[in-house]
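So the structure is just underneath, and the comments pick up after that.
Please treat every number below as a calculation from the coordinates, not as lab data. Please read these numbers as outputs of a predicted model, since none were measured by experiment. All Cβ positions, glycine included, derive from the backbone under ideal geometry; neighbour counts span all protein chains shown.
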């Protein structure tokens with residue numbers, strides 16, 4: 001039986017592509033299948049997606065955490081995206097023949113090891129106790145807000161007794177979750193205040209779409225405005241419905257939507273017939289669809305075409 005788990009770590013480095021490529025190599029060296037990576041200079045952030053047998057995904061994640069701690073320095077980091085760590089977010093996602101309980105166990109094992117490296121860890125999503133802690137709670141105030149000490153009501157889970165962040169690597173948020181859609185929608189003819197107002201209206205916290213987290217951002221390097229989003233349950237909440245709401249809100253303010261960008265892999269809910277063109281997705285080919293790449297990964301492992309070993313039954 002082939003078991004497949006996904007990890008989608010987000011790192012606070014999007015400008016030094018030599019370092020990003022070195023990080024991708026470190027991850028791939030652990031015999032996982034790197035499906036995608038991207039880096040953005042304005043966000044100053046990179047996202048890497050890889051899949052494999054759970055023990056190998058754990059090993060790759062620990063290697064990535066050590067690389068981030070040794071090579072990325074938040075004291076010199078400025079970007080538009082909220083962040084609290086060099087390895088900012090590390091979610092584990094159960095796919096083929098892996099249960100959510102397995103993903104939670106992986107998150108806890110990796111989190112404990114990262115804590116032993118000297119980087120405090122907060123668990124979130126299904127890995128927190130009780131489950132459901134949100135990233136927005138953990139990242140409020142950013143790395144700068146953590147500098148002196150942790151707040152009394154929000155102490156790290158790992159290592160026991162930690163009372164301050166790592167001086168350069170901050171903290172890491174380690175979680176377990178289902179497949180989500182990470183995407184950005186670019187607007188023209190409106191400003192940052194409009195983008196923030198639209199994001200506030202459509203996100204779940206503002207009474208908008210279920211499971212939608214949204215931020216309005218201005219990207220100074222390209223002088224563009226975007227709404228940056230995570231849709232936590234794209235099977236329940238239609239991405240097309242969210243997109244059309246953004247279109248309406250933008251048009252009411254005298255602007256228009258010009259492009260959609262997917263970060264990482266695309267869930268099936270995004271690629272229904274006609275949806276790609278309607279959503280203004282210029283670069284979404286079959287290689288970016290998660291289910292197709294996982295099926296290919298499973299086929300190759302089952303036929304012995306890769307050297308990725310299955311875990312013991």
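Points to keep in mind about this one:
- The stretch 6-29 and the stretch 43-92: distance between their alpha carbon centers, rounded to Å: 7 Å
- Computed label-point distance, nm, for sites residue 1 and residue 258 using a 7 Å Cα→Cβ extension: 5.1 nm
- Helical runs assigned H by DSSP (4 residues or longer) give the chain a calculated mean residue ellipticity at 222 nm of -9500 deg cm²/dmol, each run adding -39500 (n - 2.57) before division by the residue total.
- The stretch 101-225 - Debye-derived log10 I(q)/I(0), Cα point model, q = 0.09, 0.22 Å⁻¹: -0.34, -1.20
- Two-site FRET efficiency, residue 268 against residue 137, from Cβ-Cβ distance with R₀ of 35 Å, rounded to 0.05: 0.75
- Point-to-point label distance, residue 299-residue 287, nm (Cα→Cβ direction, 7 Å offset): 1.6 nm
- Anisotropy class of the chain from Cα gyration tensor, a/c 1.5 cut: oblate
- Ranked by the mean number of other Cβ atoms within 10 Å of their residues, highest first, the peptides 43-56, 154-167 come out as 43-56, 154-167.
- Potential lengthening of the chain between residue 112 and residue 144 amounts to 9.1 nm, from the contour at 0.36 nm per residue minus the alpha-carbon distance.
- The slack between residue 204 and residue 223, meaning 0.36 nm per residue of separation minus the straight C-alpha distance, is 4.1 nm.
- Residues of the stretch 144-182 with amide N under 17 Å of the 7 Å Cα→Cβ point at residue 78: 144-145
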